[in-house]
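Some notes on the structure that comes next.
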Amino acid sequence: MQVIYEWLIWSVDKVWPLPIIIYFLYVFAHFIRLMILRGLGVRKAYRYELSRIFNPLWWIIPTVLNVIIVLISMLTLEEFVSSYVGKHGIQTEAFIVNRESSSILVNYEDTLRITLSYKTHDKEDVTVSYLTSSNPYYPPTDFSSEPNKGEVVNIKFLRHRPTTFVILKDENSSISD
């Protein structure tokens, strides 16, 4: 089960390799079908099927499939990952290093880029930034205030991927609803 969770976290962090894999599997299945046609001795259909790969309409199916997969993975798996990290992550304290305005607008509102720094249990220094629109809090709620520069917040991170973290919302936190 741990391997499945790690794969899902990888797919959320690096969502663009998934469409590449799907295109590769689509082309691979096409060539397997061609080899079967060739093995059956259907030469005319073999040449026709081989030339179809260069037709732009042939690529519509995997492109639509990839758009759907990317949207689903970005919308649903992000919440799953934050829940998993919140339940199974390693807790530590993080120091807010920087809080600045980014050039990204979400719902016509400015988004902040917050940089935090913390040490893992292996004494590795980790500095990571996040956008306030990504809402990396556990348990997931809407906040009216974000942490300020110089504050200390409680976080949980994954041992094998220390840059994947959630900020814990609890009674001891400086973050308020």
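I'd like the residue in the range 46-60 that is modelled with pLDDT under 65 and under 11 Å from Phe31 (Cα atoms) and, out of all such residues, is surrounded by the most Cβ atoms within 10 Å (Cβ to Cβ). Looking at residues that are modelled with pLDDT under 65 and under 11 Å from Phe31 (Cα atoms), I get Tyr46. Within the range 102-119, the set of residues being surrounded by fewer than 14 Cβ atoms within 10 Å (Cβ to Cβ) and either closer than 18 Å to Leu168 by Cα or among the basic types (Lys, Arg) (or both) comprises Ser117 only. Within the set Glu79, Glu124, the sole residue that is farther than 30 Å from Tyr23 by Cβ and charged (D, E, K, R) turns out to be Glu124.
The listed residues are Leu105, Leu116, Leu112, and the only one of them that is in the same structural domain as Pro162 (by TED's automatic domain parsing), modelled with pLDDT under 80 and not in a helix (DSSP H, G or I) turns out to be Leu105. Evaluate the range 120-138: report whether one residue or more is over 19 Å from the mean Cα position of the chain (by Cα), surrounded by 13 or more Cβ atoms within 10 Å (Cβ to Cβ) and in contact (Cβ under 8 Å) with a residue 40 or more places away in the chain. Checked against the condition, which is being over 19 Å from the mean Cα position of the chain (by Cα), surrounded by 13 or more Cβ atoms within 10 Å (Cβ to Cβ) and in contact (Cβ under 8 Å) with a residue 40 or more places away in the chain, the range 120-138 yields at least one hit. Within the range 119-143, being in a strand (DSSP E or B) and either over 17 Å from Val81 (Cβ atoms) or aliphatic (A, V, I, L, M) (or both) holds for Lys119, Asp125, Val126, Thr127, Val128, Ser129, Leu131.
The values are calculated or read from the model by the stated rules, or taken from the named source; none is laboratory data. These figures come from a predicted structure and were not determined experimentally. As a convention, Cβ positions derive from the backbone with ideal geometry for all residues, glycine included, and neighbour counts pool all protein chains shown.
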